[in-house]
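Asks: Here it is, the structure, as structure tokens.
FYI, it's all coordinate maths here, none of it is from the lab. Since this is a predicted model, take the numbers as computed values, not measurements. No Cβ is skipped: glycine too gets one built from the backbone with ideal geometry, and neighbour counts run over all protein chains shown.
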């Protein structure tokens with residue numbers, strides 16, 4: 001059974017029987033992060049898009065661990081130009097890795113690296129390992145194809161942005177939960193900055209009122225799914 005640890009913002013460590021991965025490891029510069037990049041030990045780094053609060057320490061972590069970065073093609077090539085080992089992918093594509101399957105979904109957002117380099121389309125990740133599927137939506141607004149994603153995949157755990165302004169807010173995230181039909185939901189992308197200072201407990205309250213299982217995962221805490 002995979003183990004998920006919340007690292008803050010949209011960053012998660014996922015540990016399975018065959019590998020460990022980190023998604024969007026924004027740790028340096030994150031005022032709420034409690035883990036340092038040097039403490040992250042992984043085999044793969046998954047990056048949804050190039051914004052600094054998602055690319056974060058991804059390149060440095062990948063190089064320190066001799067880990068492979070999995071990202072949309074343009075972002076992967078950018079990381080390669082900085083010396084990282086990469087596996088480029090793109091929207092709708094899937095690949096069987098030694099630890100399991102990764103498929104990229106659309107995400108309605110933008111993607112540019114902190115130095116201004118265009119890094120292609122943003123994405124979400126469907127990650128299947130040890131027979132369980134995690135859906136990390138990335139930074140996104142609500143989109144109706146989430147209903148199709150829910151129909152075509154048995155999602156055990158979905159992590160949804162709720163902070164508003166840059167992504168879905170709470171009401172849209174609850175609607176996303178309805179579309180996705182996952183077994184459980186965890187909110188992300190909130191409180192890191194003043195403009196996304198919303199209460200995650202409100203998301204849980206509204207989601208549960210509509211029959212969905214949801215919980216707030218405090219930074220640094222883990223769950224098996």
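Asks: Stokes-Einstein at 4 °C, 1.567 mPa s, Kirkwood radius from Cα pairs: D for region 33-143 in µm² s⁻¹?
Replies: It diffuses with D of about 92 µm²/s by this estimate.
Asks: Which number comes out as Rg/Rh for region 186-225 once both Rg and the Kirkwood Rh are worked out on C-alpha atoms?
Replies: On the Cα set of region 186-225, Rg over Rh gives 1.00.
Asks: Also: Rounding to the nearest 10 and keeping the result within 0 to 90°, find how far the Cα-based axis of helix 170-180 lies from the longest principal axis of the chain.
Replies: 80
Asks: Could you let me know the centre-to-centre spacing of region 132-151 and region 179-224, using Cα atoms, in angstrom?
Replies: Spelled out, the Cα-based centre of one part sits 15 Å from the other.
Asks: Please pull out the direction-averaged projected area of region 76-132, using the convex hull of its alpha-carbon atoms, in nm² to one decimal place.
Replies: If you wrap the Cα atoms of region 76-132 in a convex hull and average its projections, you get 4.6 nm².
Asks: Normalised by the residues of the chain, what does the relative contact order come to in percent, with Cα pairs under 8 Å and at least six apart?
Replies: Once divided by the residue count of the chain, the mean separation gives 18 percent.
Asks: Packing-wise, with mean Cβ within 10 Å as the measure, how do 195-204, 63-72 rank, highest first?
Replies: 63-72, 195-204
Asks: Stick to Cα atoms and the Kirkwood definition of Rh, then tell me Rg/Rh for the chain.
Replies: 0.93
Asks: How far apart, in nanometres, would the label points at residue 94 and residue 151 be if each is projected 7 angstrom from Cα along the Cα-to-Cβ direction?
Replies: Label-label distance for residue 94 and residue 151, simple model: 1.7 nm.
Asks: Quick check on region 1-98: of the DSSP beta bridges with both residues there, what percent are antiparallel, nearest 5%?
Replies: 45
Asks: Report the antiparallel proportion of the DSSP beta bridges in region 3-214 as a percent, rounded to a multiple of 5.
Replies: So the antiparallel bridges in region 3-214 amount to around 60 percent.
Asks: Further question on the same structure: Assuming 1.002 mPa s and 20 °C, estimate D for region 132-205 with Stokes-Einstein, Rh taken as the Kirkwood radius over Cα pairs, in µm²/s.
Replies: For the chosen part, D equals 177 µm²/s.
Asks: For the chain, what does the helix formula give at 222 nm: sum of -39500 (n - 2.57) over DSSP H segments with n ≥ 4, over the residue count, nearest 500 deg cm²/dmol?
Replies: Value at 222 nm, helices only: -6000 deg cm²/dmol.
Asks: Report the label-to-label distance for residue 18 and residue 194 in nanometres (one decimal), using points 7 Å from each Cα along the Cα→Cβ vector.
Replies: Calculated label separation equals 4.8 nm.
Asks: Follow-up question, since we're still on this one. With a point put 7 Å past each Cα toward its Cβ, work out how far residue 178 is from residue 81 in nm, to one decimal.
Replies: 4.3
Asks: Peptides 156-167, 27-38: what's the order by average Cβ count within 10 Å, highest mean first?
Replies: The densest-packed peptide leads the list: 156-167, 27-38.
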